[in-house]
Amino acid sequence: MDITRKTDYALRMLAELVRHPGEVLSVRIAAEENGVPYSFARSIQHDLVRAGLIESVRGSRGGMRIAVDPEKTTLLEVIESVQGELLASDCDSVGDDGGPCPRMPSCPFNPVFCGASALLRDYYASVSLSDIVFGRKAPSIPERYWSEHAFDFLGTAEEE
């Protein structure tokens, strides 16, 4: 569940675009101003375009421009578009055949890991890019997790 360096750099570049809505910014300048190596920034730009978060503008005054509404785009959406689904464990892909762990149905830890994933995903989904960039709102733990029964929806492992 690490936030990768690539995601960190992507968030920095997106923050620059959020601060300059509608403007076309040079990838080089956005990279330099945010401590992102230029060669890595070009790769990240390509990934952000593919994810639909930004658009590339060609030409002598080209660069990139934000393509989503930063008021409606959550931190979770950005993170997952760059590095894939956030999971607390790889239970779904650790079997010998690359499939789910064969112990998953009876594993007492699987519901805990699933709960951690749900909690983290909801935490990141609780704020928009604009909320973070402009410091209007910090992520929060949704109220549904405040109860001792918050994770009952996950069930428990079957007895062996």
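Results, tabulated for the structure shown:
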quantity	calculated
Lone qualifier among 126, 140 - being open to solvent by 40 Å² or more (accessible area, probe 1.4 Å), small (Gly, Ala, Ser) and either in contact with a strand residue (DSSP E or B) (Cβ under 7 Å, 6 or more places away or on another chain) or modelled with pLDDT of 80 or more (or both)	140
Subset tally (residues that are out of contact with any helix residue (DSSP H, G or I) (no Cβ under 7 Å at 6 or more places or on another chain) and part of a helix (DSSP H, G or I)) for the range 123-140	2
Options 22, 63: the member that is of a type in the set (Gly, Ala, Ser), open to solvent by less than 70 Å² (accessible area, probe 1.4 Å) and farther than 24 Å from residue 131 by Cβ	63
Residue count, the range 124-145 (criterion: more than 20 Å from residue 17 (Cβ to Cβ) and either out of contact with any Phe, Trp or Tyr (no Cβ under 9 Å at 6 or more places or on another chain) or in contact (Cβ under 8 Å) with a residue 24 or more places away in the chain (or both))	7
Residue under evaluation residue 120, criteria (1) closer than 22 Å to residue 44 by Cβ; (2) open to solvent by less than 40 Å² (accessible area, probe 1.4 Å); (3) of a type in the set (A, V, I, L, M), criterion not met	(1)
Near pairs, Cβ below 8 angstrom, 6+ apart or cross-chain, from the range 105-123 (free of Cβ contacts under 8 Å to residues at least 60 places away in the same chain) to any residue that is aromatic (Phe, Trp, Tyr) and open to solvent by less than 30 Å² (accessible area, probe 1.4 Å)	119/145; 122/145
Residue 16 modelled with pLDDT of 90 or more and open to solvent by 70 Å² or more (accessible area, probe 1.4 Å)	no
Helices (runs of 4 or more DSSP H) contained entirely in the range 8-122, each with at least 1 residues that are among the hydrophobic types (A, V, I, L, M, F, W, C), closer than 24 Å to residue 142 by Cβ and out of contact with any Ser or Thr (no Cβ under 8 Å at 6 or more places or on another chain)	75-83
Some residue of the range 114-128 being more than 27 Å from residue 150 (Cα to Cα) and not polar (S, T, N, Q)	no
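The values are calculated or read from the model by the stated rules, or taken from the named source; none is laboratory data. Bear in mind the structure is a predicted one, so any value in this text is a computation, not a measurement. In this analysis, Cβ positions are derived from the backbone assuming ideal geometry, glycine residues included, and neighbour counts consider all displayed protein chains. For the accessible areas, the whole protein counts, side chains as well, though only heavy atoms, and no ligand, DNA or RNA atoms are used. Shrake-Rupley method; radii C 1.70, N 1.55, O 1.52, S 1.80 Å.
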